[in-house]
Protein chains: 2
Amino acid sequence: MSPNVISIGLSAAIVSVEQEQPLVLVVAHDGAEDALPFGPFNPVTQRTLESGLRKWVGEQTRFDLGYTEQLYTFGDRGRHSPSPDDGARVVSVGYLALTRPGKPQAPDTRWRGWYQYFPWEDWRQARPPMIDGIILPALKKFVKEAASPIAAEQRRNRMRLCFGDGGLPWDEEKVLERYELLYEAGLVREAARDAGKQAKTPPELGSPMLYDHRRILATAIARLRGKMKYRPVVFELMAPSFTLLELQRTVEALSGARLHKQNFRRLVAEQGLVEGTGKFSAPTRGRPAELFSFRREVLRERPAPGVRLSSRR
Amino acid sequence: MSPNVISIGLSAAIVSVEQEQPLVLVVAHDGAEDALPFGPFNPVTQRTLESGLRKWVGEQTRFDLGYTEQLYTFGDRGRHSPSPDDGARVVSVGYLALTRPGKPQAPDTRWRGWYQYFPWEDWRQARPPMIDGIILPALKKFVKEAASPIAAEQRRNRMRLCFGDGGLPWDEEKVLERYELLYEAGLVREAARDAGKQAKTPPELGSPMLYDHRRILATAIARLRGKMKYRPVVFELMAPSFTLLELQRTVEALSGARLHKQNFRRLVAEQGLVEGTGKFSAPTRGRPAELFSFRREVLRERPAPGVRLSSRR
DNA sequence: CATATTTATACTCGAAATGAGTATTAATAG
DNA sequence: CTATTAATACTCATTTCGAGTATAAATATG
């Protein structure tokens, strides 16, 4: 195979939420890194990239993708193929897809919590201790090792902006920026792997993934966290009817942050995102909650409806 | 050449602003449709897609791209190659690049106002009369011609959301949605061209472009209009020092809307986006204005600084 | 059965952001 | 000298936002 040949790979971060955990569908083999479902784009049989994606995802995973969205096209040499100039150059187009959880039908395919790959992104309980315990010390070392004072200053700024060291607030949308910084600092296993190094002295944060799939997943999380705020995409992940707390817990799971309950309700109500069904949830512990459903009409009424986040604490 | 072969094309919407007009760099030949600068991605010599873009843009247009951003990867059959199954399938990765205006060095390359391609997007003087005069009547016809009542309802909703017929406000970010609707309704020349039809009875709105380049440009405008609000990208288009009115006119040119002067100043000042230089503009008509420059430190201080729009009227 | 606990839901209140001005200053054009 | 144009400071009402309190309706527990 000539190294001059390009092939296009389609990768999908297929996301659902179950029991307050955001899940991503991965292909897992024993001893190998997890991978996102991915396949080649066949230019002969497929008219569009997205139809190609839907076709093989349907075949391979038996999932019916509701909402899909193109994320980004990655073409860096050395971050897809294990070794450069080995066969065709793969350019991969990443997609985000949302679906309701269900049993994976295909072999070796399973749901995994996405915070397994990004443990520093889940702030629901508290600021993850690994940030102060591992990440920031390692990044400070990375700043010190910079070749010049200017490079060190740039690294320090990125560190501050990404992980909020020094008064800056945590921005839950900077998932990709944070992953890329950890990659460049050699703190995720993919970095050493892509560089061909075996030594892995530094801490390895989160589970690694095949090729650049963790980068695609980071892009997917970032996009979803942002999009949620101005488009009602969360409802793709909800059952037809749900309580307001279930909706809130889903948004919290995705954004990785806790929200103020009363203000959350005020927002979804005022925006007309939901309507009561008159039915009530099966009583579990507290007072039974009314079941709501998504008001599809909102798409016709408001230009940018979404679940804006009013954070707690 | 086998139709099974894929090649990757890189296209760039290179944008600048001069005299209150947003400009895009196009390759123009007599008698042919304008094109965005585009070229193949060479997987052998280029490590990343973006480095490939910078290289041939530098060679072809002699422009030094400051800010660049990947937009979207388009792979629809029939919207790039004039006829399907003719040679290699081209998948094109679109980019947005911002630069200061200057003389195009390459032959056949020139700046054009982007509203030439999207006349309905410039609301600075007034709501463009062509919307009520041409677009909405033609779209109402398109709604009537739908195959089923459900399809008609969907078309009507898109029409309302895109062009704000019936109380809905104009959303200046929906540039791509509007272009795609006009394309599907057969109101832009590319639609008839891609379908292989010669008849062009319906009105042809805006100047057409080669291949799917007008779609890429629509994506670029939409992205820039959105991004401006939370990232200080406008300053890539400004001279090192500028008056606040010049800055406002630039934002207005890009967003296609007029802004409230006093509130605009309040926003950029409060956000710390600019700092006074102590120097003053050469007096033209009114009172001389202070010259300001971009405060780069803001990138380190605030998580999402941008020029939020507080519209006038 | 009384009471603690859990959850739902309504309502309040101050701070900040936003939209739409008025008022005043400083220049040029006639 | 005065009209015009633009710059800049300041005001004010409304809306939005963050952070509560208050109360209701269920279960769990002693």
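The values are calculated or read from the model by the stated rules, or taken from the named source; none is laboratory data. These numbers were taken from a predicted model, which means no experiment stands behind them. All Cβ positions, glycine included, derive from the backbone under ideal geometry; neighbour counts span all protein chains shown. The accessibility values were calculated without ligands, DNA or RNA, using every heavy atom of the protein model including side chains. Shrake-Rupley method; radii C 1.70, N 1.55, O 1.52, S 1.80 Å.
Counting every alpha-carbon pair across the protein assembly as shown, the share separated by more than 40 Å comes to 31%. Take residue B:99: with every protein chain present and a 1.4 Å probe, its accessible area is about 10 Å².
Label separation (residue B:67 vs residue B:5): 3.9 nm, computed from points 7 Å beyond Cα along the C-beta direction.
Think of the axis that spins chain A onto B; the A residue whose C-beta lies nearest it, and the distance in whole Å, is A:73, 2. About the centre of its Cα atoms, chain B shows a dipole size close to 920 debye [charges on the beta carbon of Lys, Arg (+1) and Asp, Glu (-1) only; nearest 20 debye].
At the listed q of 0.15, 0.17, 0.18 Å⁻¹, the Debye profile of region A:150-268, built from one uniform point per Cα, gives log10 I(q)/I(0) equal to -0.82, -0.96, -1.02.
Report the semi-axes of the equivalent ellipsoid for region A:233-301 in whole Å, largest first, where each axis is √(5λ) for an eigenvalue λ of the Cα gyration tensor.
Working: eigenvalues 64, 52, 27 Å².
Listed largest to smallest, the semi-axes of region A:233-301 are 18, 16, 12 Å.
Can you give the local net charge around residue B:162? Use residues other than it whose beta-carbon is closer than 10 angstrom to its beta-carbon, Lys and Arg +1, Asp and Glu -1.
Numbers: positive: B:158, B:160, B:174, B:178; negative: B:165, B:171, B:177, B:180.
My count for the surroundings of residue B:162 gives 0.
For chain A, no complete DSSP H run has alpha carbons reaching 20 Å or more along its own long axis together with a mean Kyte-Doolittle score of 0.5 or higher. Our Cα-only numbers for region B:6-116 put the radius of gyration and Dmax at 14.2, 44 Å.
Between residue B:262 and residue A:42, what is the FRET efficiency for a Förster distance of 56 Å, r being their Cβ-Cβ separation, to the nearest 0.05? Intermediate results must be reported in sequence, preceding the final value.
Details: r = 57 Å, r/R0 = 1.02.
Given R0 = 56 Å and the Cβ-Cβ separation, E is 0.45.
Starting from the label point of residue B:243 at 7 Å along Cα→Cβ, the same points in the other copies fall at 6.1 nm, in ascending order. Distances between copies at residue A:197, taken between label points 7 Å from Cα along the C-beta direction, are 6.0 nm in increasing order.
Here's the picture: charge each Lys and Arg Cβ at +1 and each Asp and Glu Cβ at -1 in region B:6-116, and of B:113, B:96, B:25 the one pushed furthest to the positive end of that dipole is B:96.
Between B and A, roughly 3100 Å² of accessible area is buried in total, ligands, DNA and RNA not counted and the probe set to 1.4 Å.
In chain B, inverting the average of 1/r over every pair of distinct C-alpha atoms gives 21.1 Å as the Kirkwood radius.
The share of accessible area on the protein assembly as shown that comes from carbon and sulfur is 51 percent, using a 1.4 angstrom probe. For region B:121-206, take every pair of Cα atoms, bin their distances at 5 Å starting from 0, and report each bin as a whole percent. Calculated over all Cα pairs of region B:121-206, the distribution is 3, 14, 24, 27, 19, 10, 3, 1 percent. Please calculate the 1.4 Å probe accessible area of residue B:237, with all protein chains present, and give it to the nearest 10 Å². Approximately 10 Å² for this residue.
Straight-distance candidates among the aspartates and glutamates for linking to residue B:103, with alpha-carbon spacing under 14 Å and chain neighbours fewer than 8 residues away dropped: B:18, B:64. For residue B:144, a cut-off of 20 angstrom between C-alpha atoms picks up these lysines, skipping any fewer than 8 places away in its own chain: B:200.
At q = 0.10, 0.11, 0.14 Å⁻¹, what is the base-10 log of I(q)/I(0) for region B:32-185 according to the Debye formula with one equal point scatterer per Cα and no solvent? Please give it to two decimals. Log10 I(q)/I(0), no solvent term: -0.53, -0.63, -0.94.
The same position residue B:153 in the other copies lies at 6.1 nm from this copy, comparing label points 7 Å beyond Cα toward the beta-carbon, shortest first.
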